[in-house]
Amino acid sequence: MISDLVLPFPGNTNASIEQVGGKGYSLLQLINADFPVPPGVILTSEFFAPWIELIIQMPEWRAVQDAPPEQWRELCESLKRAAMLPMDEVQRSAFEAMHVELAQVTRSQLFAVRSSSAQEDLAGASFAGGYETRLGVKPAEFIDAIRHCFVSMFDERVFAYKLARGMRLSAPSMAVVIQAQINSEVAGVAFSLNPLNNDYDQAVINANWGQGETVVAGLVTPDSWVVNKVTGELVEQSINDKKISRWLQADGQLIDRNDFQTSEACLQPTQIVHLTELLQRVETSFQCPVDIEWAIANDTIYLLQARPVTAFVPLPEKLLTHPGERRRLYIDIALSSGLTMNAPISPMGLDVFQRLASDLSRIVFGGDGHLPEGDDSLLLLEGGRMYLDVSNAMWLGGPRVMAKKLEMADAMMARTLNAVDPKVYKSKRKPQWARLSGLWRIPFVMWRVRRLVANTLLPFFAPKSMHEKISRQLDAYESELSADTDLSLSLQDYWDRYVTSRLDTLFKVSMAGVGPGVMAVQAFTHLADRITRQDTHLQNKLDRGFDGNVVVAMTIAMHRLAKRVPAEMQRDAGALEQYLNARFFPSPFLDDWKSFVREFGFRGPMEMDVAHPRYADAPLIALKQMAAMSIDDSNYDPVASSQRQVEQRRTAAATVIHRAGPIRRVILKRLHQVIDLFAGMRDTPKQHLLMTMHGLRQRLVLEGERLHQQGRIDTPDHVFDFNFDELIRADADATFDLRSIRTGRLKYYERLAKQVINFPPVIDSRGQILRAPRGVQREGEFSGVGLSSGIVSGFARTLRSPHEKPLLKGEILIAYTTDPGWTPIFSNAAAVVLEIGGALQHGAVVARELGLPCVAGIEGITTAIKDGQLIEVDGSAGTVRLIQTNPGMDNGNS
């Protein structure tokens with residue numbers, strides 16, 4: 001039926017997104033809500049179905065499907081030429097009917113013809129700029145414009161966007177919108193949240209004279225206004241040069257005018273108010289942040305397009321305050337040292353941390369371990385992340401005090417907090433736990449943590465004997481952690497026996513080993529400052545070479561395994577897995593593999609989330625990392641390299657001690673003795689916690705298999721989408737509906753996966769992302785914090801995950817943050833650059849131990865530097881300098 005192929009608007013607006021595409025569907029929503037949308041028609045996806053049926057049989061289509069992305073450009077152009085097909089009889093009849101429908105809904109003689117894919121303008125995918133639009137189209141030019149909009153879905157840009165978003169490439173679909181063309185005096189775009197800082201309460205309007213294409217296509221720097229949606233106040237205004245404006249002529253031609261009223265604002269205050277009100281109405285109608293395209297003609301505002309904002313950081317409802325209320329400030333501690341998780345944490349992962357925090361509270365403060373909630377909250381585990389409520393924490397010390405404590409863990413977070421105004425964010429009401437009435441607890445708490453305090457301080461008085469004592473305790477604890485657990489216990493009983501009961505030892509013994517080393521390093525560095533201030537080479541040797549670091553030991557063990565793999569299989573992780581399963585390797589490899597799994601099988605990427613498999617669960621993870629390691633360099637020996645760092649540190653320390661005065665010399669000697677014995681224990685508590693979590697994961701996997709066999713969840717790994725209480729209730733109540741809980745919960749997780757690439761370190765309760773003040777930088781230079789000295793030049797390689805693409809020997813690794821799952825590829829790196837990190841962050845520690853320059857705390861470096869660019873990393877100065885681009889460089893799997 002013709003009515004299925006042509007849909008006029010206003011009119012029958014009851015259509016699916018599959019029929020009219022994302023752009024068409026949004027327009028119909030706007031019309032249904034009485035927004036001022038120019039009239040027109042939609043050629044539905046059924047109109048184009050005959051063309052698509054022919055195209056997917058073409059050799060040009062199959063060639064694109066079979067080719068790697070680097071060959072798409074030429075093949076896509078060939079496919080687009082082949083897709084310029086003639087209409088069949090049904091299409092021609094619908095095309096003629098379209099003219100009649102247009103005459104009924106509009107008197108316009110010029111039209112805008114826009115593509116409308118079912119996959120664009122959605123909450124998770126905008127495809128902005130990917131599909132074709134034709135402006136000023138006359139009826140006689142419809143066929144050509146429609147064809148060009150249709151074939152734009154075969155453009156290389158569209159395929160690349162789909163690939164990046166994990167969308168199917170083999171399911172093309174298209175509709176085309178034909179609207180009355182607005183001959184605008186001013187046009188542009190607007191956002192119902194601020195896309196630069198994520199603030200939900202700020203509207204941003206960009207505008208230029210004439211048609212809005214110059215703004216959408218980025219041809220000019222438009223005028224810009226930031227408006228507070230709550231108060232209506234103008235927050236910021238920028239009147240820019242607008243060198244080019246584009247104007248529609250009566251014959252449909254678009255002409256460019258240069259320097260038209262460049263110094264004048266193209267919007268009046270009343271128009272800004274009306275646009276902000278329109279934007280808020282659209283946001284309310286769509287029930288999510290939106291961006292719109294708009295045009296003004298004859299003092300009337302027209303809405304040309306609206307779509308959900310696809311790239312913003314959402315916050316769970318519990319963290320939000322109402323618009324206009326005093327805001328709360330949060331830091332994302334999941335990005336901090338020891339955790340370093342730049343991905344959504346599973347519901348079970350969050351619940352495990354919640355329970356651990358509660359158990360820890362019970363150990364330190366006594367009572368039932370209940371954590372503060374509501375207005376008294378401090379730790380917030382919501383929406384796939386772990387936040388610290390800074391507004392409440394400010395009652396223990398201002399933002400600058402907090403920043404000082406965070407410097408070693410996360411330099412950028414510290415710099416951001418240092419610039420925070422406590423008058424804006426400090427909670428008005430003092431939390432219950434911060435009141436004077438709670439001071440009586442201090443002696444009680446000190447008594448409860450006396451063993452930790454003693455084990456932390458006594459090494460400074462008796463280093464050797466305390467090291468022997470703590471080492472014996474740690475050995476006994478590791479034996480206990482390595483023993484088999486009773487997986488037949490109920491979940492709660494398992495937690496009580498193998499988590500709660502062991503946490504006390506982890507807190508009072510494992511943690512005790514960390515304190516002396518960290519404190520001694522900081523004290524030694526401070527006392528040595530006058531001696532090393534003029535000798536940076538000497539200074540740079542003091543912060544590395546700490547014997548006994550388990551992460552470095554894991555890297556060495558994996559490198560040794562990689563060296564034992566036959567040369568013909570070293571780059572094929574899949575073949576390695578098959579050979580391992582068949583035990584087809586020589587005995588030395590199998591023996592080393594068995595030792596590796598015993599010592600490090602509980603580790604892996606995203607290891608702090610219990611939902612993620614570890615090396616023992618999925619050997620392919622380790623095998624992929626082994627395959628990526630460079631073992632061709634016969635001169636590289638990680639054992640010798642690590643030991644060389646130790647010797648250089650000891651030699652530098654001896655030089656400092658020799659140059660010191662008599663009293664200072666005695667103190668430095670003792671501090672260095674403590675460093676030698678304890679500084680390598682930094683990662684030991686995490687190692688022990690991961691051993692505990694690995695056993696817990698095994699128990700949860702069994703629970704998932706049981707629930708799956710009962711038909712209550714779809715796959716065993718869905719068990720990690722619940723919390724403990726839900727699983728315990730499901731065990732007691734066979735009618736408890738797990739699937740419905742999971743479905744509702746994962747909608748938010750799916751949003752996170754689609755919308756968030758990097759989680760911000762500091763964010764407030766209205767979504768505003770706070771950033772560290774930018775210093776003065778030269779062009780092509782980026783300043784951060786130097787965490788491991790040395791100057792190296794090399795080609796850049798940006799990775800979002802350790803397995804995304806190969807890191808070749810001598811390349812410079814650029815990442816948002818890293819955890820120990822990244823460690824094996826460090827052996828290939830010439831240097832490491834991180835957006836998030838501090839001196840104690842995993843990447844910095846490993847870089848120092850391997851002698852790699854490392855710089856962290858450079859916001860946006862993962863997008864500012866492209867693969868193949870030649871850069872210089874100065875780990876002493878904390879800078880990254882762009883030297884040149886190497887266009888011929890192989891970008892791996894990009």
(message) Could you tell me the ratio Rg/Rh of the stretch 546-615? Both radii from Cα atoms, Rh via Kirkwood.
(response) 0.99
(message) Considering the Cα positions of the stretch 598-747, please state its Rg to one decimal place and its Dmax as a whole number of Å.
(response) 24.3, 76
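Using the scaling law 2.2 N^0.38 Å as the reference, what is the normalised Cα Rg of the stretch 1-94? Don't skip to the end; give the middle numbers.
Numbers: Rg = 16.7 Å, N = 94, 2.2 N^0.38 = 12.4 Å.
After normalising by residue count via 2.2 N^0.38 Å, the value is 1.35.
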(request) Could you order peptides 444-452, 314-322 by the average number of other Cβ atoms within 10 Å of their residues, highest first? (result) 314-322, 444-452
(message) Once you keep just the Cα pairs under 8 angstrom separated by 6 or more residues, what percentage relative contact order results for the chain?
(response) 12
(message) Over all directions, how big on average is the projection of the convex hull of the alpha-carbon atoms in the stretch 59-115, in square nanometres?
(response) 5.8
(message) Straight-line reach from LYS404: which aspartates and glutamates fall under 16 Å, measuring Cα to Cα and dropping same-chain residues less than 8 apart?
(response) ASP421
(request) In whole Å, largest first, what are the principal axis extents of the Cα atoms in the stretch 819-868? (result) 27, 23, 19
(message) In Å, what Kirkwood hydrodynamic radius results for the stretch 263-302 from the alpha-carbon pair distances?
(response) 11.2
(message) Give me log10 I(q)/I(0) at q = 0.12, 0.16, 0.17 Å⁻¹ for the stretch 278-432, Debye formula, one equal scatterer per alpha-carbon, no solvent.
(response) -0.68, -1.03, -1.12
(message) If N is the number of residues in the stretch 508-646, what value comes out of its Cα radius of gyration divided by 2.2 N^0.38 Å?
(response) 1.33
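Expressed as a whole percent, how much of the Cα-Cα distance distribution for the stretch 174-324 exceeds 28 Å?
Roughly 21 percent, rounded to a whole number.
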(request) Quick one: accessible surface of HIS658, probe radius 1.4 Å, all protein chains present, in square angstrom to the nearest 10. (result) 140
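Based only on the alpha carbon positions, what is the Kirkwood hydrodynamic radius of the stretch 443-509, in angstrom?
By the Kirkwood definition, the hydrodynamic radius is 13.7 Å.
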(request) Tell me what the chain gives for mean residue ellipticity at 222 nm when only DSSP H runs of n ≥ 4 count, each as -39,500 (n - 2.57), the sum divided by the residue total, rounded to 500 deg cm²/dmol. (result) -12500 deg cm²/dmol
(message) Through the Karplus equation 6.51 cos²θ - 1.76 cosθ + 1.60, θ set to phi - 60°, convert the phi angles of the stretch 148-154 into ³J(HN,Hα) values in whole Hz; use x for Gly and Pro.
(response) 5, 5, 5, 6, 5, 6, 9
(request) Using the Karplus curve 6.51 cos²θ - 1.76 cosθ + 1.60 with θ = phi - 60°, work out ³J(HN,Hα) for each residue of the stretch 310-321 in order, rounded to whole Hz, and write x for Gly and Pro. (result) 9, 10, 9, 9, x, 10, x, 4, 5, 8, 7, 9
(request) Could you tell me how many degrees, from 0 to 90 and to the nearest 10, lie between the Cα long axis of helix 89-105 and the main elongation axis, the longest principal axis, of the Cα atoms of the chain? (result) 80
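Under the definition of Cα pairs under 8 Å and six or more residues apart, what whole-number percent is the relative contact order of the stretch 23-98?
On the way: 24 pairs, mean separation 19.9, N = 76.
Result for the stretch 23-98 is 26 percent.
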(request) Determine ³J(HN,Hα), in whole Hz, for all residues of the stretch 264-274 in sequence, where each value follows from phi through the Karplus function 6.51 cos²θ - 1.76 cosθ + 1.60 and θ = phi - 60°; x replaces Gly and Pro. (result) 9, 5, 8, 10, 8, x, 5, 5, 4, 4, 5
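Could you rank ARG400, ARG670 by how accessible they are, 1.4 Å probe, largest area first? List each step's numbers first, then the result.
Values: ARG400 140, ARG670 85 Å².
Ranked list, largest accessible area first: ARG400, ARG670.
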(request) Collect residues whose amide H, placed 1.01 Å from N in the peptide plane, falls under 5 Å from the amide H of ASP223; neighbours closer than 5 in sequence don't count. (result) ALA207, ASN240
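Looking at the P(r) of the stretch 436-548, how many percent of alpha-carbon pairs lie beyond 19 Å?
Cα-Cα pairs in the stretch 436-548 separated by more than 19 Å: 63 percent.
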(request) Based on a Kirkwood Rh over C-alpha pairs, give the Stokes-Einstein translational diffusion coefficient of the stretch 376-501 at 4 °C and viscosity 1.567 mPa s in µm²/s. (result) 68
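Would you please report the Å³ per residue occupied by the convex hull of the alpha carbon atoms in the stretch 220-288?
Details: hull volume 9.2 nm³, N = 69.
Taking the convex hull of the Cα positions in the stretch 220-288, it is 134 Å³ per residue.
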(message) Restricting to Cα atoms and excluding each atom paired with itself, what does the Kirkwood estimate give for the stretch 124-233 in Å?
(response) 16.6
(request) Calculate, axis by axis, the spread of Cα positions in the stretch 578-626 along the three principal axes, and write the results as whole Å, longest axis first. (result) 34, 20, 15
(message) Taking the 0 to 90 degree range and rounding to the nearest ten, how far is the long axis of helix 619-628 tilted relative to the main principal axis of the chain, both from C-alpha atoms?
(response) 80
(request) Arrange the peptides 637-649, 712-724 so that the one whose residues have, on average, the most other Cβ atoms within 10 Å appears first. (result) 712-724, 637-649
(request) Rounded to whole Å and sorted largest first, list the principal axis extents of the Cα atoms in the stretch 690-793. (result) 65, 36, 21
(request) Work out the length of the dipole vector of the chain about its Cα centre, built from +1 on the beta-carbon of each Lys and Arg and -1 on the beta-carbon of each Asp and Glu, and round it to the nearest 20 debye. (result) 3940
(request) Towards the positive end of the charge dipole of the stretch 1-109, with charges on Cβ (+1 Lys, Arg; -1 Asp, Glu), say which of ILE31, LEU5, MET87 has the farthest Cα. (result) ILE31
(request) Please report, in Å, the Rg and the Dmax of the chain, where both are computed over Cα atoms only. (result) 30.8, 100
(request) Please report the orientation-averaged projected area of the stretch 644-707, defined via the convex hull of its C-alpha atoms, in nm². (result) 6.0
(request) Divide the volume of the convex hull of the Cα atoms of the stretch 750-879 by its number of residues and quote the answer in cubic angstrom per residue. (result) 119
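Could you pull out the pairs from LYS80/LYS747; LYS229/LYS747; LYS23/LYS624; LYS430/LYS747 whose alpha carbons sit more than 30 Å apart here?
Working: LYS80/LYS747 36 Å; LYS229/LYS747 27 Å; LYS23/LYS624 42 Å; LYS430/LYS747 35 Å.
From LYS80/LYS747; LYS229/LYS747; LYS23/LYS624; LYS430/LYS747, over 30 Å: LYS80/LYS747; LYS23/LYS624; LYS430/LYS747.
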(message) How charged is the neighbourhood of PRO50? Take every other residue with its Cβ under 14 Å from the Cβ of PRO50, and add Lys/Arg as +1 and Asp/Glu as -1.
(response) -3
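The values are calculated or read from the model by the stated rules, or taken from the named source; none is laboratory data. Predicted model, so just to flag it, every value in this text is computed and none were measured. Positions of Cβ are backbone-derived with ideal geometry, glycine not excepted, and every protein chain shown enters the neighbour counts. The accessibility values were calculated without ligands, DNA or RNA, using every heavy atom of the protein model including side chains. Shrake-Rupley method; radii C 1.70, N 1.55, O 1.52, S 1.80 Å.
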